[in-house]
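The values are calculated or read from the model by the stated rules, or taken from the named source; none is laboratory data. Only a predicted model underlies this, so the values are computations on that prediction, with no experimental measurement involved. Cβ sites come from the backbone with ideal geometry, for glycine too, and all protein chains shown count toward neighbours.
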């Protein structure tokens, strides 16, 4: 018991330290949850009367100045009585309302109300977990990516903690498991599968359940909680969930189904690889100990829940949602599903497994506390090391959902194409009639027929001096809504000439040069992009205006040509014979739309 208390104290101290290093701020849909919680704390209920909208917007702006222009009406839907409900449900904000009273009493930001609620939920789950899965598994799970959400007005800690409790007590206290799963489902309806399967497993696999008052009461409470959102929303809006308006049902592509667990940028495995290693280790221990008890009802429910959750995640139209440091927040739903396997491995009590688990958990916790500390910025882990390795070294190995690829590079919730890795190793292309599909300075290769139709999204994966093309994966709902970045592509009609010039310059050996190492010392009245090789430099010069000036500082004597990218004609043959790194002004023809300056070491 003393060890359990010490562990809880350590967990509480860690939460305090992590929160103290951060500053309260809103992310993702946090403005909605804050608005509902403050409305509940003022005893006005979740729905907003039209007159409440300005007051609600002021309260949100006061909590986080970045939301000064947040529009409450745009995040709500009017019911028959003209009162407006938020798209996300109000159960989680209702739990936060008492803590809003506390923050008001001490004059603190209402955002800390969610920090208090999240911290208590996390510690409650840890209290239940310690004797059931052991300290190592607790350290792995509770000091993982979930810690980023501790001080955020968002449902991730709520969902993670309740799902963990549901699976932790599923075997010995299924009535509490159903209550916990029902509470999580009140906010997120797909989690109802856990409650339903737990009830079914108890009725058909547990003797005496139909006569056990605790089981029946737990089942009744769980079902009521599961029905809370659909009943309320149907009564007011004629639909079971307002989220369906944001995410219309569709048949997802396989890439959408596996994105949350396995995508190299936003996926759980890429961002929390220690969990996958720990699951593999626990599975080996369980199978070696005894095959029959290794697969029990809670593990079956976890597997069924994982399948249901991934299908539900695939309905989201915004797979690469904001408000995370990189990993999809839906991935946290999957983490507690490992609890039954960890519990079985803990019961086996193998010394070797314990040493392995503690070493892995300690290493993972150190990394996660740094990478997923609450103070870390949004999109701060994009692209992940795995995604960057695949997309730059082996681009054809992974063709992610185009939304994920595009937004991982721009770090904004915006869909633009074309977009490429820095070295043009992998490019997301968008075919547009009369326009080049390739961004500057990538080699504009001819498009294959399957990628040439207007609006088609394709990947161009670099393979030496050529590209291999592949249609971007995803259902129709994922492949629409992209805006063409016309200002970033080669001018229309220049592709063939630019391709010849870049090949002449030795395209396979050219890479974009970092700005800190650029040979360009002045670019006035024009735009320039620089490529470099071991003994050559290429400058792509665009939009030359009258009076434009360009000054270079070259590492050695060089010679080359200045060519018109629109016609392929050589405008001038030039050379630099001065000392290394001396300023050298280059004359460029005025009003040129596209020029390529190719220089080789003399």
Condition (residue is crowded, with 16+ Cβ neighbours inside 10 Å, in contact with a strand residue (DSSP E or B) (Cβ under 9 Å, 6 or more places away or on another chain) and free of Cβ contacts under 8 Å to residues at least 24 places away in the same chain) applied to segment 531-548: is it met by at least one residue? yes
Flag if residue 78 is assigned by TED's automatic domain parsing to the domain that holds residue 225, free of Cβ contacts under 8 Å to residues at least 24 places away in the same chain, surrounded by fewer than 21 Cβ atoms within 10 Å (Cβ to Cβ) and over 27 Å from the mean Cα position of the chain (by Cα): yes
At negative phi, surrounded by fewer than 16 Cβ atoms within 10 Å (Cβ to Cβ) and part of a loop (DSSP other than H, G, I, E, B): which single residue out of 580, 585 fits that description? 580
The conditions are (1) out of contact with any helix residue (DSSP H, G or I) (no Cβ under 7 Å at 6 or more places or on another chain); (2) surrounded by fewer than 14 Cβ atoms within 10 Å (Cβ to Cβ), and residue 567 fails exactly one of them. Which is it? (1)
Out of the residues in segment 50-75 meeting the condition of being assigned to a loop (DSSP other than H, G, I, E, B) and in contact with a strand residue (DSSP E or B) (Cβ under 8 Å, 6 or more places away or on another chain), tell me which one is surrounded by the fewest Cβ atoms within 10 Å (Cβ to Cβ). 50
Given the conditions (1) modelled with pLDDT of 90 or more; (2) surrounded by fewer than 17 Cβ atoms within 10 Å (Cβ to Cβ); (3) closer than 21 Å to residue 239 by Cα; (4) over 28 Å from the mean Cα position of the chain (by Cα), and given that residue 45 satisfies all but one, which numbered condition is not satisfied? (1)
Of (1) touching a residue at least 40 places away in the same chain (Cβ under 8 Å); (2) part of a helix (DSSP H, G or I); (3) out of contact with any helix residue (DSSP H, G or I) (no Cβ under 9 Å at 6 or more places or on another chain), residue 370 fails just (1)
What residue, among those in segment 588-602 that are under 43 Å from the mean Cα position of the chain (by Cα) and either free of Cβ contacts under 8 Å to residues at least 24 places away in the same chain or assigned to a loop (DSSP other than H, G, I, E, B) (or both), is surrounded by the most Cβ atoms within 10 Å (Cβ to Cβ)? 592
Quick one: how many residues across segment 421-466 are more than 26 Å from the chain's Cα centre (by Cα), touching a residue at least 12 places away in the same chain (Cβ under 8 Å) and outside any loop (DSSP other than H, G, I, E, B)? 5
Residues being touching a residue at least 40 places away in the same chain (Cβ under 8 Å) and closer than 16 Å to residue 428 by Cα: count how many of those fall in segment 472-511. 14
Over 16 Å from residue 522 (Cα atoms), touching a residue at least 24 places away in the same chain (Cβ under 8 Å) and assigned to a strand (DSSP E or B): is that true of residue 552 in this structure? no
Among the listed residues 382, 414, identify the single one that is assigned to a loop (DSSP other than H, G, I, E, B), surrounded by fewer than 17 Cβ atoms within 10 Å (Cβ to Cβ) and in contact with a helix residue (DSSP H, G or I) (Cβ under 8 Å, 6 or more places away or on another chain). 414
